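*Asks:* One structure coming up, written as structure tokens, with questions to follow.
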Amino acid sequence: MDFHVGLGLHIYHLIPSKHILDILSQLGLTCSYNDIRQLSTALAKGDIDDKNDVYVPQNLEFF
């Protein structure tokens, strides 16, 4: 995964701020907020397709 994408996803996970991501994108440090949202949506849809239309977050623990 490209550094810009990985950093953008990490920041979006910690602080989901459009303003911050767009500023970092203008500085050339990350992808734009819209790019990160599209990627995270595509990744989530891929997880849903793999699990028969049910999304289960990776950090959810079953007892």
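*Asks:* Within region 23-46, count every residue that is of a type in the set (Asp, Glu) and in contact with a Ser or Thr (Cβ under 6 Å, 6 or more places away or on another chain).
*Replies:* Narrowing region 23-46 to residues of a type in the set (Asp, Glu): 35.
Narrowing further to those that are in contact with a Ser or Thr (Cβ under 6 Å, 6 or more places away or on another chain): none.
Within region 23-46, residues that are of a type in the set (Asp, Glu) and in contact with a Ser or Thr (Cβ under 6 Å, 6 or more places away or on another chain) number 0.
Let's see how each residue does on (1) modelled with pLDDT under 80; (2) in contact with a Cys (Cβ under 8 Å, 6 or more places away or on another chain); (3) β-branched (Val, Ile, Thr):
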position: ILE11; (1), (2), (3): no, no, yes
position: LYS18; (1), (2), (3): no, no, no
position: GLN26; (1), (2), (3): no, no, no
position: THR30; (1), (2), (3): no, no, yes
position: THR41; (1), (2), (3): no, no, yes
position: ILE48; (1), (2), (3): yes, no, yes
position: ASN52; (1), (2), (3): yes, no, no
position: ASN59; (1), (2), (3): yes, no, no
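*Asks:* Then there's this: Considering only residues of region 1-49 that are of a type in the set (S, T, N, Q) and assigned to a helix (DSSP H, G or I), which is surrounded by the most Cβ atoms within 10 Å (Cβ to Cβ)?
*Replies:* Per the criteria, the residue is SER25.
The values are calculated or read from the model by the stated rules, or taken from the named source; none is laboratory data. What you see is a predicted model, and the numbers here were worked out from it, not measured in a lab. Please note: Cβ atoms are built from the backbone with ideal geometry, for glycine as well, and neighbour counts cover all protein chains shown.
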